[in-house]
Amino acid sequence: MPGSHHPPTVIVFGPFEADLQTHELRKQGVRLRLPGQSFQILKILLERPGELATRDELHKALWPSETFVDSEYGVNAAVHRLREALGDSAEHPQFVETLPRLGYRFIGTITAPTVETVEQVKEALPRDKPHGISWRIVVPVITAVLVLLAAASFIFSHRAPKLTDKDTIVLSDFDNKTGDPVFDDTLKQGLSVQLEQSPFLNLLSADRENAALKLMGRTPGERLTPEVTREVCERTGSKAMLTGTIASLGSQYVIGLKGVNCTTGEVLAEAQEEAARKEGVLKALGGAAVTMRSKLGESLSSLQKYDTPLEEATTPSLEALKAYTSGVKMWLFRGGTVALPFFNRAVELDPKFAASYSAMSAIYSDLDESARAAENAGNAYNLREKVSERERFTIDARYYLFATGELEKAEQTCDLWQQTYPKDYLPYILLGIVGSELGNEEKELAGFREALRLEPNIGINYANLGATYISLNRLDEAEPVYEQAEERKLDSVYLLWNRYTLAFLKGDEARMAQLAAAAIGKQGMEDLMLASEADTEAWHGRLKNARELTRKAMDSAEENDAKETAASYQALAALREVESGDREHSRFDANAALKLAPNRNVLAIAALAVARAGDAGGAERLAAELDKTFPLDTVVQRYWLPTIRASIALDRKDPNRAVELLKVTNTLELGSPTANLVIFICPGYIRGEAHLMQHDGKAAGAEFQKFIDHRGLVMNFPWGALARLGLARAYAMQGETAKAKSAYEDFLTLWKDADPDIPILKQAKAEYAKLQ
């Protein structure tokens, strides 16, 4: 239509060009890296220069379906990254001006929109005959061009994509023709990191890969040649395999990637990049990977949004990446304890290697080394600025879980993570953990079930789901979960421990002994099992045996450099001793644990033990330290501190104050307040003691009954046995003599082989005799 206006596709301002079609920002011809959200804001501002774009308007344009976006991923962050790319500032803006509490506007000078479309060319041409060219000649040429463009557009838009987001890709090991071992495994790991940025592509996990190798009669972790990769691909129902090569030509290196349909052998895509020197190999690999992502069907907008350069997403150091890769393999095949030295080596080589710190935070958390977990989670968080979007989610979630303890923020992060990467199983594990700590059974079960559905080839998913069924008293549902793990020949320290717990709850002493024997000599398993056996002995009042087993558990942990874990075992021993009436042993163990490793769990448990041992002043000092050190920690603030302060109130004969303090714990007290330690319903036990002091037998009985009703949650923690005695006292207070006698008999039966000199046992026998 004559006179119609077609908006330009390239807008020039200052030294910059913004291509609105390809979403590229260039400065003097050089492409700048700019996240998709930031470019979208630039596009909106450039299309209406000088006009206000409100924050709400920008938010809706960027995230039309989101009800919540954390500030890290919000409008502020997107504008900040835009300004960084433009070299602009909020204080002295040249291009993007902030209108306080309103929004933003573009204040730069647009010098030349670039005419791009054929229709614009037609309108730009003069109507006479410049330079002797007839418009009659130009029009057919333009028409032909338009036809060709339309045909090309039709063919491109109707071409079937190489892959869909439902298809799975198997990565082979690189064919390293250079002879340099630094490239072995390392390039595959780097390629995996680059490809996993994509929400579109779906890589076969190492666990599923190894499960397929087992079925093929091969060794898990075996090198994947193209031939082996193709068989793995076919066995797992994957669509494509991706092979890689690296060769050297003098000082130069050539990276080649090829994607092949596993079934037909059809080549789906190829890419090749060169590096002038060894230090440029990772950058070349990243470039080739991005090309493959595009050719395999990923959209341009997705590529722009999730395209962190490989050397930023991981490390620019090949040696550091090799150490990290070795750590990943060790973690997969031999456990976290064995993997730690490799991750440590990676950060020695590159102190800015965020992913390696993040991995160590997860391992230390699994080992109940909470101070080390928090330190490494904090290191990763401080270095997360340039990591990939996927790694950022991992780092943020672990930071909120392991460092600050902000469970709601961890939950929000994991919700965004699973929306962005719905095929990831890790956010569901973390959501299950959050549900567990918050006492939200529904979320805990849903998270662990989905994690197992998405990744059925790792032992921890079976351990988590089985443990949840146990905590819900659904023992018959837990056993099949563990049997499935056994059929798949999966291993995990927590599988063994959970099966021991299940055997305890079923009263199967022979099975318990068998499982305990299986843990002997196994790193990370032996100490946990010894500590659990100590709890079992204490459950039956055999405190001398319990002390000896705790000592062995501590020795085993310290041999593996797990000092915090050893201190946790000693703090738990203090809590066992104090409720049995042995205040002297309790104070000794609490103070020794604090000297050994005063991390969050040790501080909390020791403070509670000290309060129960009658040292109100010491408990107050520890509570103040806990409060100061962990001001944002959900469990500390809403579980541990109220329970400790309520115990101090009881020591001061103020049960009303204790009951009032414990109100805040109601929503969390049926959760798990510690990682990997058997200790539950502490607020309920203290509340029961407070009601006894108030002479309210009915209310006290309801609290102690929780330990029987939730026996799967309590497991073999000795307070579960002592709660029977509390229940007996509550019945006696109500004048329910028959029920009181029955409850006393339950307790005395459990403690029939107990050490005879335990103070609380002597008291129980005397109280029972008065009822006869």
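The values are calculated or read from the model by the stated rules, or taken from the named source; none is laboratory data. All figures in this text were calculated on a predicted structure; none of them were measured in a lab. Quick reminder, even Gly has a Cβ in these numbers, built from the backbone with ideal geometry, and neighbours come from all protein chains shown. The accessibility values were calculated without ligands, DNA or RNA, using every heavy atom of the protein model including side chains. Shrake-Rupley method; radii C 1.70, N 1.55, O 1.52, S 1.80 Å.
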So, relative contact order of the range 272-352 in percent, Cα under 8 Å, 6 or more apart, is 24 percent
Between N473 and R621, take the C-beta separation as r, use R0 = 41 Å, and let me know the FRET efficiency to the nearest 0.05.
0.60
Student exercise, the range 238-343 dipole from Lys, Arg, Asp, Glu Cβ charges, in Debye to nearest 20:
300 debye
For a distance above 20 Å, tell me the whole-number percent of Cα pairs in the range 468-574 that qualify.
41 percent
On the accessible surface of the range 677-720, probed at 1.4 Å, how many percent belong to carbon and sulfur atoms?
54 percent
Here FRET efficiency (C-beta to C-beta, D709 to K166, R₀ 41 Å, nearest 0.05) is 0.40
Go through the range 54-63 residue by residue and turn each phi into a ³J(HN,Hα) via Karplus (6.51, -1.76, 1.60, θ = phi - 60°); whole Hz please, and just put x for glycine and proline.
6, 4, 5, 4, 5, 4, 5, 5, 7, 10
For the range 371-391 and the range 447-474, write down the distance between their C-alpha centroids in whole Å.
26 Å
If I model a spin label as a point 7 Å beyond the Cα along the Cα-Cβ vector, how far apart are those points for R26 and E408 in nm?
4.8 nm
Here is the link list: K443/K653; K43/K295; K706/K752. Which ones come out longer than 29 Å on Cα distance?
K443/K653
Taking 0.36 nm per intervening residue step and subtracting the Cα-Cα distance, what contour gain separates T667 from F333 on full extension?
116.4 nm
Length added when fully stretched, R218-K752, from 0.36 nm per residue minus Cα-Cα:
187.0 nm
Using only Cα atoms, find the angle between the long axis of helix 682-693 and the longest principal axis of the chain, and express it within 0 to 90 degrees, rounded to the nearest 10.
30 degrees
Rounded to whole Å², per residue accessible area for the range 156-308 with a 1.4 Å probe reads 44 Å²
Can you tally the net charge around L201? Count Lys and Arg as +1, Asp and Glu as -1, for every other residue whose Cβ sits under 12 Å from the Cβ of L201.
+3
How much net charge surrounds D185 when only the other residues with a Cβ under 11 Å from the Cβ of D185 are counted, with Lys and Arg +1 and Asp and Glu -1?
+2
Quick one: angle between helix 318-334 and the longest Cα principal axis of the chain, in degrees between 0 and 90, rounded to 10, please.
40 degrees
Given H placed 1.01 Å from N in the peptide plane, which residues other than close sequence neighbours of F13 have an amide H under 5 Å from its amide H?
A18, T111
Past the 41 angstrom mark, what percentage of all C-alpha to C-alpha distances in the chain do you count?
44 percent
Please list, in order along the range 695-707, the HN-Hα scalar couplings obtained from phi with the Karplus expression 6.51 cos²θ - 1.76 cosθ + 1.60 (θ = phi - 60°), rounded to whole Hz, x for Gly and Pro.
6, 9, x, 5, 5, 5, x, 4, 5, 5, 5, 4, 5
Helix 206-215 sits at what angle to the longest principal axis of the chain, using alpha carbons and giving 0 to 90 degrees rounded to 10?
80 degrees
Can you give me the % of accessible surface on the range 159-216 that is carbon or sulfur? Probe 1.4 Å, all protein chains present, nothing else counted.
48 percent
Considering only S580, A743, G50, whose Cα is most displaced toward the positive end of the charge dipole of the chain, charges sitting on Cβ of Lys, Arg (+1) and Asp, Glu (-1)?
G50
For the residue pair K506 and E660, what label-to-label distance in nm results when each label sits 7 Å from Cα along the Cα-to-beta-carbon direction?
4.9 nm
So for the range 206-323, averaging the separation of alpha carbon pairs under 8 Å that are six or more residues apart and normalising by length, what relative contact order in percent results?
15 percent
Exceeding 20 Å between C-alpha atoms, which entries from my cross-link table qualify? They are K239/K423; K283/K322; K409/K563.
K409/K563
Put W63, W331 in order of accessible area, largest first, probe 1.4 Å, and you get W331, W63
Would you calculate, for the chain, the mean residue ellipticity at 222 nm contributed by helices, counting each DSSP H stretch of 4 or more residues as -39,500 (n - 2.57) and dividing by all residues, to the nearest 500?
-18500 deg cm²/dmol
Per the beta carbon screen (other Cys under 4.7 Å), unpartnered cysteines of the chain come out as C414, C682
Counting heavy atoms of the protein chains only and a 1.4 Å probe, report the per residue accessible area for the range 385-528 as a whole number of Å².
40 Å²
Under 12 Å from the Cβ of E24, count the other residues' Cβ atoms, weight Lys and Arg +1, Asp and Glu -1, and hand me the total.
+2
Quick query: amide H of N202 versus all other amide H atoms, modeled in the peptide plane; which residues come in under 5 Å with a sequence gap of 5 or more or a different chain?
I169
Counting only heavy atoms of protein chains, what accessible area per residue, in Å², does the range 595-707 have with a probe of 1.4 Å?
35 Å²
How long is the range 564-694 along each principal axis, judged by its Cα atoms, biggest number first, in Å?
37, 32, 25
How large is ³J(HN,Hα) for each residue in the range 498-504, as worked out from phi by the Karplus curve 6.51 cos²θ - 1.76 cosθ + 1.60 (θ = phi - 60°), to whole Hz, x for Gly and Pro?
5, 5, 4, 4, 4, 5, 4
If I compute solvent accessible area with a 1.4 Å probe over the protein chains, what percent of it on the range 265-315 is carbon and sulfur?
44 percent
Of the range 686-709, those with amide N under 19 Å from the point 7 Å along the Cα→Cβ vector of K770 are 689-701
Under a crude label model (7 Å from the Cα following the beta-carbon direction), how far is T109 from A518 in nanometres?
7.8 nm
Quick one: accessible surface of T219, probe radius 1.4 Å, all protein chains present, in square angstrom to the nearest 10.
90 Å²
Restricting to Cα pairs below 8 Å that are 6+ residues apart, what does the relative contact order work out to for the chain? Please round to a whole percent.
7 percent
Work out, step by step, the length gained on full extension between Q734 and E234: first 0.36 nm times the residue separation, then minus their alpha carbon distance; give nm to one decimal.
173.1 nm
What residue among P631, L596, G618 has its Cα farthest toward the positive end of the dipole of the range 576-649, where the charges are +1 on Lys, Arg and -1 on Asp, Glu, each on the Cβ?
P631
